[in-house]
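The structure appears right after this line, and notes come after that.
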Amino acid sequence: MEFVRFQDIQGGIFYGVLDGKRVTQVEGSIFGSFRKTDVSHLLSDVTLLAPCQPSKIMCAGTNYLSHVQECNEVMHLNVSVPEHPLIFSKAPNTVADPNQGILYPTGVERVDFEGELGVVIGKRCKKASRENALDFVLGYTCVNDMSARTMQWNDGQWTRGKGLDTFCPIGPIITDQIDPFHTPLRTRVNGQTLQDGNTDDLIFDVPALIVYISEWITLEPGDVIATGTPAGVAPVKVGDVIEVEIPGIGILKNPVVAP
């Protein structure tokens, strides 16, 4: 099933089920019990919003082998293959909708994109096991883990550099129809493909991340796990347009704009 969150032409905000070029509005919660209503819209008549409203976004750092190599050889950082997931978080202020402008922070020399597979939690998850971890997943979406490298490297920790307003675009849909263990991921800037990876290069796969995070942190319905980024990250500037594409999910497109 493909879920969306959208705004209709009257300004109302709803969840819906996407079927081709139409969106059917739902009653209830897509994270619990819901039903389709008789109200439907052409996809072209609505504005897609971030498909969920996470209380937190839990992110995996250096979780692709190709990105670890890139960090050492291209970015000249001393990065080892992690022995366990390296987890940081983003707050709700970072969420941006599809097509919303990403605010380039004043006085920051370098801001990078990071295209990622996002995991949307469907029900409360605490101390999951490898065997039941995927039972807590509603579906998958695209995430762009924007990073203000100047802040990240100067601070020596990642909260400020990863946590700026609009620094986590999410969307355009949530779907349960992809294979999280083997799915392509591409990121383009101004039409040029800079990332071309696959989740089979993940160091810690989706179940491993859910198990690790939920051991200590309760995941709530609507929370998102950003699973990490493959090689190809690069700086962007105001005026650039970033597209994160995962087959079966679609294209998450956002321009970079001045604050």
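The values are calculated or read from the model by the stated rules, or taken from the named source; none is laboratory data. Remember, it's a predicted structure, so these values are computed and weren't measured experimentally. Virtual Cβ from ideal backbone geometry, glycine too; neighbours counted across all protein chains shown. SASA here: full protein model, heavy atoms, side chains in, ligands and nucleic acids out. Shrake-Rupley method; radii C 1.70, N 1.55, O 1.52, S 1.80 Å.
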Is it fair to say Ile242 is open to solvent by less than 10 Å² (accessible area, probe 1.4 Å), of a type in the set (Val, Ile, Thr) and in contact with a Lys or Arg (Cβ under 8 Å, 6 or more places away or on another chain)? yes
If we keep only residues of segment 84-116 that are among the aromatic types (Phe, Trp, Tyr) and assigned to a loop (DSSP other than H, G, I, E, B), then the residue farthest from Pro207 (Cα to Cα) is Tyr104
Out of the residues in segment 41-73 that are in contact (Cβ under 8 Å) with a residue 40 or more places away in the chain, over 26 Å from Ala91 (Cβ atoms) and not charged (D, E, K, R), state the one that is surrounded by the fewest Cβ atoms within 10 Å (Cβ to Cβ). Gln69
Does Val224 fit the bill of being out of contact with any Leu (no Cβ under 8 Å at 6 or more places or on another chain), open to solvent by less than 20 Å² (accessible area, probe 1.4 Å) and over 19 Å from Pro54 (Cα atoms)? no
Any chance segment 69-77 includes a residue that's out of contact with any helix residue (DSSP H, G or I) (no Cβ under 6 Å at 6 or more places or on another chain), modelled with pLDDT of 95 or more and at positive phi? no
Can you pull out the strands (runs of 3 or more DSSP E) entirely within segment 121-201 that have at least 1 residues that are surrounded by fewer than 19 Cβ atoms within 10 Å (Cβ to Cβ) and out of contact with any Ser or Thr (no Cβ under 6 Å at 6 or more places or on another chain)? 184-189, 192-198
